[in-house]
Amino acid sequence: MAVKKIFVVGAGLMGGGITQVAATAGYKVTMRDISDEAVNKGLDAIKWSVEKFASKGKITEEVAAQAIENITPATSMDAASDADLVIEAVFENLELKQNVFKELDGITPKDAVLATNTSVISITKIASVTQRPEKVVGMHFFSPVPMMKLCEVVRGLLTTDETVSVATEFAEKIGKTPVVVQKDVAGFIANRIGLALSGTAIRLVEMGVATPEDVDKIMKLGFGHPMGPCETADMTGIDILHNAMVAIFDETKDPKYWPPELLQRMVTAGLIGRKAGKGFYDYSSGEQKSYWEL
Ligand SMILES: NC(=O)c1ccc[n+]([C@@H]2O[C@H](COP(=O)([O-])OP(=O)(O)OC[C@H]3O[C@@H](n4cnc5c(N)ncnc54)[C@H](O)[C@@H]3O)[C@@H](O)[C@H]2O)c1
């Protein structure tokens, strides 16, 4: 199946990033959000980013201009009626995603592939509300999408090989490296490993074994990680990390995914990371500063 027209649902951080890389690779992309304000905000972020890529010489001015031309903003789902591939990137909420997929199933051509960028929700659960579960697949991109090479292509229980091929080929065409996750397990591979690491790191801070700064130093200097787990948690959002751990725990009942009490208290106290100005580090000065004492 030749993928020509892309429909992206959600113009936030991930939907905008996916739209940008697809449009830069030459695809026509319709990017849909629920209001003009949300779509325009997404479009402005894409314009800023492609201009930065052009100013650094990573893409030509022509490619940058063509990328913006390739994007059609939308607030209605109707434009999905001629899409070959839909990529959904709305909030991480099962009911919302199922509603979006139900609607898409009624609007898109019967052979269109419907992909979700969910971080931890089961592909099979999302697919179950459609009449085409064999054409539903996970395409889990990483933030920031224009920089991060990985795309986990996740097979739901009923996803066919053909659907997996459509997703992997598209990921390659937009410059990503797809890795197929052969089973629809909670958290797939990246978050299954990543959240176990985050939980362990936060428990060590909670036990008073080391400060967030020292835990981060250990993982950066000892294992060559570009960022430590506490810095990563602040960047992701402590609330997002908490919800993702709960989602994996709910499915697996594996205690290593139950959020440490410290993480729960940080959410309650509003210490949710960079976006709040404080988490494991203090960002109020505009820089990342350590403040944690044991
Ligand atoms: N942020 C990350 O680092 C990251 C990484 C990988 C995957 N994800 C996943 O990607 C998805 C999106 O995350 P995000 O960080 O881009 O969130 P975000 O909050 O930046 O964007 C979500 C967007 O979806 C829009 N939206 C909500 N309902 C909609 C609807 N019915 N139709 C169209 N648009 C709708 C919102 O208005 C918002 O603009 C989530 O499932 C998340 O788990 C996020």
For LYS102, counting only lysines whose alpha-carbon sits under 18 Å away and dropping same-chain residues fewer than eight positions off, the answer is LYS110, LYS125, LYS135
Portion, in percent, of the accessible area of segment 190-276 that falls on carbon or sulfur, probe 1.4 Å: 61 percent
Value at 222 nm in deg cm²/dmol, rounded to 500, when DSSP H runs of n ≥ 4 in the chain each add -39,500 (n - 2.57): -14000 deg cm²/dmol
Counting only protein heavy atoms, what percent of the accessible surface of segment 5-181 is carbon or sulfur at a 1.4 Å probe? 55 percent
Placed amide H near LYS28: partners under 5 Å, 5+ positions off or other chain: ILE6
Integer Hz, Karplus 6.51/-1.76/1.60 couplings in order for segment 286-294, x for Gly and Pro: x, 10, 7, 10, 7, 9, 6, 10, 9
Check which residues have an amide H placed less than 5 Å from CYS151's amide H, if you skip close sequence neighbours. THR177, VAL179
In whole Hz, what ³J(HN,Hα) sequence does segment 97-104 give by Karplus (6.51, -1.76, 1.60; θ = phi - 60°), x for Gly and Pro? 5, 5, 4, 4, 5, 4, 5, 4
On each of the three principal axes of the Cα atoms of segment 115-237, give max minus min coordinate, whole Å, ordered largest first. 51, 28, 21
Any lysines whose Cα falls less than 25 Å from that of LYS56, other than same-chain ones fewer than 8 residues away, would be LYS28, LYS41, LYS47, LYS149, LYS173, LYS176
With viscosity set to 1.306 mPa s at 10 °C, what whole-number translational diffusion coefficient in µm²/s follows for segment 171-294 from Stokes-Einstein and a Kirkwood radius over Cα pairs? 104 µm²/s
Among VAL137, VAL154, VAL180, residue whose mean-square fluctuation peaks in a GNM of the chain (springs only between Cα atoms under 10 Å): VAL180
How large is the accessible surface per residue of segment 190-276, computed with a 1.4 Å probe and reported in Å² as a whole number? 51 Å²
Among ASP234, ASP33, ASP254, which one shows the biggest mean-square fluctuation in a GNM of the chain, springs joining Cα atoms closer than 10 Å? ASP254
Could you tell me what percent of the DSSP beta bridges with both partners in segment 42-195 are antiparallel, to the nearest 5? 30 percent
Hey, what's segment 26-80 come to in accessible area per residue, 1.4 Å probe, Å²? 60 Å²
Degrees, to the nearest 10: 13-24 long Cα axis against longest axis of the chain: 50 degrees
Short version: ³J(HN,Hα) in whole Hz for each residue of segment 152-166, in order, from phi by Karplus 6.51 cos²θ - 1.76 cosθ + 1.60 (θ = phi - 60°), x for Gly and Pro, what are they? 6, 9, 10, 7, x, 4, 10, 5, 7, 4, 4, 5, 4, 5, 4
How high is the relative contact order of the chain, in percent, with contacts defined as C-alpha pairs under 8 Å that are six or more residues apart? 13 percent
Would you work out the relative contact order for segment 48-164, in percent, from Cα pairs under 8 angstrom that are 6 or more residues apart? 19 percent
Size-normalised alpha-carbon gyration radius of the chain, reference 2.2 N^0.38 Å: 1.03
Measure nothing but the geometry: give the 0 to 90° angle between the long axis through the Cα atoms of 190-206 and the longest principal axis through the Cα atoms of the chain, rounded to 10°. 20 degrees
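The values are calculated or read from the model by the stated rules, or taken from the named source; none is laboratory data. Since the structure is predicted, the reported quantities are computational estimates derived from the model, not experimental observations. Quick note on the areas: whole protein, heavy atoms, side chains included, nothing else; ligands and nucleic acids left out. Shrake-Rupley method; radii C 1.70, N 1.55, O 1.52, S 1.80 Å.
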